[in-house]
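**Student:** One structure follows; several queries about it will come next.
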Amino acid sequence: MLVLAIDTALAQCALALWRDGQSLAACRHAMTRGHAEALAPMAQALFAEAGLAPAALDRIAGTTGPGS
């Protein structure tokens with residue numbers, strides 16, 4: 001199962017691609033604002049790094065908590 005994990009809590013924006021418990025690619029940028037604008041370009045770069053297409057996703061996981 002391919003999962004895109006997204007964390008925009010606090011002062012960072014982080015994404016990771018996981019398949020069957022193994023990290024395929026990850027990226028993180030420190031930022032206090034602009035998380036929403038940063039997500040799409042970061043996700044595009046993440047998929048390119050992993051050599052996968054977004055259509056291959058099975059699940060999207062996101063954090064809850066303070067932040068954007």
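The values are calculated or read from the model by the stated rules, or taken from the named source; none is laboratory data. Bear in mind the structure is a predicted one, so any value in this text is a computation, not a measurement. Cβ coordinates were reconstructed from backbone atoms using ideal geometry, including for glycine residues, and neighbour counts include every protein chain displayed. For the accessible areas, the whole protein counts, side chains as well, though only heavy atoms, and no ligand, DNA or RNA atoms are used. Shrake-Rupley method; radii C 1.70, N 1.55, O 1.52, S 1.80 Å.
**Student:** Restricted to segment 1-34, and to residues that are under 14 Å from P66 (Cα atoms) and touching a Pro at 6+ places or on another chain (Cβ under 9 Å), which residue is most open to solvent (accessible area, probe 1.4 Å)?
**Tutor:** So the residue we want is L10.
**Student:** Sticking with this one: Only residues that are in a loop (DSSP other than H, G, I, E, B) and in contact with a helix residue (DSSP H, G or I) (Cβ under 8 Å, 6 or more places away or on another chain): list them for segment 1-35, please.
**Tutor:** Those that are in a loop (DSSP other than H, G, I, E, B) and in contact with a helix residue (DSSP H, G or I) (Cβ under 8 Å, 6 or more places away or on another chain): T8, M31.
**Student:** Every residue in segment 36-68 that is in a helix (DSSP H, G or I) and closer than 19 Å to Q12 by Cα, please.
**Tutor:** A36, E37, A38, L39, A40, P41, M42, A43, Q44, A45, L46
**Student:** Which residue pairs have Cβ atoms closer than 7 Å, lie 6 or more positions apart in sequence or on different chains, and pair a first residue in segment 39-68 that is without any contact (Cβ under 8 Å) to a residue 60 or more places away in the chain and open to solvent by less than 80 Å² (accessible area, probe 1.4 Å) with a second residue that is of a type in the set (A, V, I, L, M, F, W, C) and in a helix (DSSP H, G or I)?
**Tutor:** These pairs meet every condition: A53/F47.
**Student:** Next up: Give D20, D58 a once-over and let me know the one that is of a type outside the set (K, R) and at positive phi.
**Tutor:** Every option except D20 fails the conditions.
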